[in-house]
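Remarks on the structure that follows.
Please treat every number below as a calculation from the coordinates, not as lab data. Note that this is a predicted model, so its numbers are computed, not measured. For neighbour counting, all protein chains shown are included, and Cβ atoms are generated from backbone atoms with ideal geometry for every residue, glycine included.
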């Protein structure tokens, strides 16, 4: 080997050595600043303590995990955590803002163990707590798998409790609960999946509905027989749908016809009642003498107008008998004599109509009433 080649190889080795030394000794500086609330908080980098905040820390270049902690009380602390990469010979700065108070590791471990014990005993709230502890790594080793497991356990327990409550209502005869229970058994929600149980509760629900429909049909039928028009129409609907009774379009049509006939009879009854009230009112008027006095009142007004030149109020001041008063009396008597036969005839007609309609009002389904209604 020549001297030239030897020098070349030595140069390469020297350069490599220098680079290795330079790389190994590469450093960076990290400045950690804190606001007043974070002052004196403990600083940890990669789990190692580096004093309190604020601080300037010289570190090897590379990725680091920074954690700043300040105690609030015996069980709680405020924490700031971040991960960053330091470059060689290049300063970095981190402004610390502490989070809201949370359980410290010792308190978290105690709480986590307590919650875990309750969760194993079936406590839903504890199951959700354990899931949260695993998710955040508080008191337990952080684990997404365990967090998901306990979250699922909590949901399954909720479904189980809900299914138990629905079963209680279904056993008590609640039709809606029976339908819900059928679905739960079909899908295996809160109960073990079972087609047989689903079918059992479906049939039980149908039987319960049939009983209720039969009871409702009987009630409506009784009302329809008594002439209730709305009940008649409901019976027609029951026959059309076969609800609580055998389906029959013929029976449905019959009840529709009965309802229509009943509506007509109802309208006639209301008209007759109204006419009866009118006739009775007219009879009262005639009996009280209002019709007989109309002639006197009219004549009195005429005289009042004549005596005072049109001032009707002056007529009331005449208290002595005079030719004018005699005229008033004569006119009144004449008017009464002329109208009396007419009034008497009207009176008799009203009384006869009242007597004739009595059968219609009292017994609307009688032969007399039906004959009268055809007039």
Please compute, for the alpha-carbon atoms of the range 136-264, the extent along each of the three principal axes and give them in descending order in Å.
84, 29, 23
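Quick one: grab the alpha carbon gyration tensor of the range 160-216, order the square roots of its eigenvalues as a ≥ b ≥ c, and give me rounded if a/c is under 1.5, else prolate or oblate depending on whether a/b is larger than b/c. Intermediate results must be reported in sequence, preceding the final value.
On the way: a/c = 3.36, a/b = 1.76, b/c = 1.91.
It is oblate, given that a/c is not under 1.5 and a/b is not larger than b/c.
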Fewest-first ordering of 258, 48, 70 by Cβ atoms within 10 Å yields 48, 258, 70
So, with points 7 Å from each Cα along the Cβ direction, the residue 216-residue 152 label distance in nm works out to 4.4 nm
